[in-house]
Number of protein chains: 2
Amino acid sequence: MAVTIDVKADILGKNDAVAEELRNLFKEKHVFVLDLMGSPGCGKTTLLEKTMQALKDDINMAVIEGDLFTSKDADRIDRYGVPVVQINTAGGCHLDAPMIKKAIENIDLDKLDLLVIENVGNLVCPAEFDIGEQKRAVVLSITEGDDKPMKYPLMFKLASIVLLNKTDILKFCNFNLDGATEDIKTLNPGVEVLPVSCSLGDGLKPWLDWLREMVRSVK
Amino acid sequence: MAVTIDVKADILGKNDAVAEELRNLFKEKHVFVLDLMGSPGCGKTTLLEKTMQALKDDINMAVIEGDLFTSKDADRIDRYGVPVVQINTAGGCHLDAPMIKKAIENIDLDKLDLLVIENVGNLVCPAEFDIGEQKRAVVLSITEGDDKPMKYPLMFKLASIVLLNKTDILKFCNFNLDGATEDIKTLNPGVEVLPVSCSLGDGLKPWLDWLREMVRSVK
């Protein structure tokens, strides 16, 4: 099916042009934009909940929620009083830049410091699409196994920060924290790797400090 | 990006023709072919290990392993003395029928009762591609959360059997077994849903009985 390669190049080319346009707009508006990725159920929305609790009084945040169907995650975000826009991909496996361009029509960028885009739960396809973000964060649940970075390398190669989540149940899971960290740093030497428990809120200080620093860096 | 829709229809059309050709071949050879799907780290390979231990003396099995990169899973299967063919998709997010057509050149179908195809770890894209299988099985780890069936419905709609895995750590996870089972049966009334712990081998008897019955049904 050689046709898929040409088509993919064409789709990616169009996507990248819109992504670049978005990145310029976000820069002009001094908004830090983060693409938050990871498998289904790795803890992205729980991380967002804890992040909003900690930052929403100091930092003007908004969230874009990407889902195939349902607004379950957007409903969770909405409870915190943070503006949230739901994108339903109708079965599509990732967000792309044109979807973000449409979503931000509903967000006042002039008042914003931080826009977090929670991508579709998928360790493969979202990594291939630039959506105009400045940085990417990946959440890997330790219940997924420590072989995942090497099996899904692109996701980890392009991340600025990786959170190894659900450490509260580490002793029940056969997961080598040091080994996984080493694999991630082999793929991506400059990346930060943080063991955390989003449900308990453990280990999140370096994550929150990093986000604050990123927000400062675009002012 | 309306172009993607037309292209997708074209790709799926070509894929389906090859899948139908494969399904006819498998029927003629009396081989039961199962497409095994689920998120990264949900326990597909561990389920396969337990299945081989239980069945390999009675049933002639072979396995096709789909991965983006690495042969980590195929190496695990190889230890059990079951023939295994590795497909590396080089970053591709799912297996397709032409990949299976090429892989079975390395498998002697005349001697085979059961071929299990472990798809790429992904709760989205593999569901869209017919690979010539007779049935589909989905593994959902309870660590992924009980909202996943409704968020990723296609995967569950097209399955004949769903295994809710990692019940050994159920008490540490906020997962409603009855609610998730009800959601899956709402999407797909005829499906079997089995709570299991693949690592402990708990609850696997109905799964093994189902596989034996499926193998008998194609003889």
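Tabulated data
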{"item": "Residue count, segment A:56-83 (criterion: part of a helix (DSSP H, G or I) and in contact with a strand residue (DSSP E or B) (Cβ under 6 Å, 6 or more places away or on another chain))", "result": "4"}
{"item": "Count of residues meeting criterion [assigned to a strand (DSSP E or B) and either away from every other protein chain (no Cβ under 14 Å) or surrounded by fewer than 23 Cβ atoms within 10 Å (Cβ to Cβ) (or both)] in segment A:112-129", "result": "4"}
{"item": "Lone unmet requirement of (1) outside any loop (DSSP other than H, G, I, E, B); (2) buried (at least 20 other Cβ atoms within 10 Å of the Cβ) for A:GLY132", "result": "(1)"}
{"item": "First in segment B:173-189 and closer than 17 Å to B:MET155 by Cβ and away from chain A (no Cβ under 14 Å), second anywhere and in a helix (DSSP H, G or I) and of a type in the set (A, V, I, L, M, F, W, C), Cβ under 7 Å, 6 or more apart", "result": "B:ILE184/B:PHE156; B:ASN188/B:PHE156"}
{"item": "Only one of B:GLU21, B:GLU49 that is more than 15 Å from the chain's Cα centre (by Cα) and of a type outside the set (Ser, Thr, Tyr)", "result": "B:GLU21"}
{"item": "Qualifying residue in segment B:37-46 (condition: modelled with pLDDT of 95 or more, within 14 Å of another protein chain (Cβ to nearest Cβ) and in a strand (DSSP E or B))", "result": "yes"}
{"item": "Which listed residue, of B:LYS135, B:LYS166, B:LYS148, B:LYS157, is more than 12 Å from every other protein chain (Cβ to nearest Cβ) and touching a residue at least 24 places away in the same chain (Cβ under 8 Å)", "result": "B:LYS135"}
{"item": "Any hit, segment A:55-72, residues being at positive phi, free of Cβ contacts under 8 Å to residues at least 24 places away in the same chain and of a type outside the set (Phe, Trp, Tyr)", "result": "yes"}
{"item": "Filter result (without any contact (Cβ under 8 Å) to a residue 24 or more places away in the chain and either outside any helix (DSSP H, G or I) or away from chain A (no Cβ under 14 Å) (or both)) within segment B:84-107", "result": "B:VAL84, B:VAL85, B:GLN86, B:ILE87, B:ASN88, B:ALA90, B:GLY91, B:GLU105, B:ASN106"}
{"item": "Any pair with Cβ under 6 angstrom, 6 or more apart, that starts in segment A:193-219 at a residue that is more than 23 Å from A:GLY41 (Cβ to Cβ) and touching a residue at least 60 places away in the same chain (Cβ under 8 Å) and ends at one that is among the acidic types (Asp, Glu) and surrounded by 17 or more Cβ atoms within 10 Å (Cβ to Cβ)", "result": "A:VAL215/A:ASP113"}
{"item": "Meets criteria (within 14 Å of another protein chain (Cβ to nearest Cβ), without any contact (Cβ under 8 Å) to a residue 24 or more places away in the chain and over 17 Å from the mean Cα position of the chain (by Cα)) for B:ASP75", "result": "yes"}
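The values are calculated or read from the model by the stated rules, or taken from the named source; none is laboratory data. From a predicted model like this one, the values you see are computed outputs, not experimental measurements. Glycine gets a Cβ as well: all are built from the backbone with ideal geometry, and neighbour counts include every protein chain shown.
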